[in-house]
Amino acid sequence: MHKDVLVTMITTQLKETSNMREKTQDFVRKIVNIYTLQLMKEGNIPLNFMEEVMADVEAEVIEIYRKKTYGYLTLEEYRRHSCRQVDDN
């Protein structure tokens, strides 16, 4: 998988409004788990390096998350604003 798949995954999950009060830590953990499971299914992660890969993926997720939600104090605030924009259109 490439970084663009991770960006798409994060963007899709940011639009998910079923849990508006989801905390950033939980969001990041969820994305890391989903993404690493995908990598494991494809056989791209040697088990010896699982912890290092998860740490790297977490760092990437946090970086992308911060760029996507820049200007918002919380994930909830970002989602509420995004929902309003969709409703206005």
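The values are calculated or read from the model by the stated rules, or taken from the named source; none is laboratory data. This structure is a prediction, so every number in the text was calculated from the model and none was measured. Ideal geometry is used to build each Cβ from the backbone, glycine not excepted, and the neighbour counts take in all protein chains shown. Keep in mind that these areas ignore ligands, DNA and RNA; they rest on the heavy atoms of the full protein, side chains included. Shrake-Rupley method; radii C 1.70, N 1.55, O 1.52, S 1.80 Å.
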Checklist entry - Exactly which chymotrypsin sites (Phe, Trp or Tyr not before Pro) in the stretch 1-75 are in a DSSP loop and have at most 14 other Cβ atoms within 10 Å? => result 70, 72
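List the trypsin sites (Lys or Arg not before Pro) in the stretch 10-89 that DSSP assigns to loop (not H, G, I, E or B) and whose Cβ has at most 14 other Cβ atoms within 10 Å. Which are they?
Working: sites: 15, 21, 23, 29, 30, 41, 66, 67, 68, 79, 80, 84; in loops: 15, 21, 23.
Within the stretch 10-89, the qualifying trypsin sites (Lys or Arg not before Pro) (loop, at most 14 other Cβ atoms within 10 Å) are 15, 21, 23.
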Next on the checklist: Residue by residue through the stretch 29-44, what is 3J(HN,Hα) from phi via Karplus (6.51 cos²θ - 1.76 cosθ + 1.60, θ = phi - 60°)? Round to whole Hz and write x for glycine and proline.
Outcome noted: 4, 4, 5, 4, 5, 4, 5, 5, 4, 4, 5, 5, 4, 7, x, 8
Item to check | Residue range of the chain that is longest and free of GluC sites (Glu not before Pro) which are both DSSP loop and sparsely packed (at most 13 other C-beta within 10 Å) | outcome: 43-89
Checklist entry - How much length, in nm to one decimal, is gained on full extension between residue 81 and residue 55, taken as 0.36 nm per residue of separation minus their Cα-Cα distance? => result 6.4 nm
Checklist entry - In the chain, what is the count of Lys pairs whose alpha carbons are under 19 Å apart, counting only pairs at least 8 residues apart or on separate chains? => result 14
Next on the checklist: Rounded to the nearest percent, how much of the accessible area of the chain (1.4 Å probe, protein heavy atoms only) is carbon and sulfur?
Outcome noted: 51
Checklist entry - When only C-alpha pairs under 8 Å and at least 6 residues apart count, what is the relative contact order of the chain, in percent? => result 46
Next on the checklist: Calculate log10 I(q)/I(0) of the chain for q = 0.12, 0.22 Å⁻¹, where I(q) comes from the Debye formula with a single equal point scatterer on each Cα and nothing for solvent.
Outcome noted: -0.39, -1.07
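Taking a probe of 1.4 Å, how large is the accessible area per residue of the chain, in Å²?
Working: 6380 Å² over 89 residues.
Result: 72 Å² per residue.
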Checklist outcome for this item: Comparing 13, 25, 38 in a Gaussian network model of the chain (Cα, 10 Å), the one with the largest mean-square fluctuation is 25
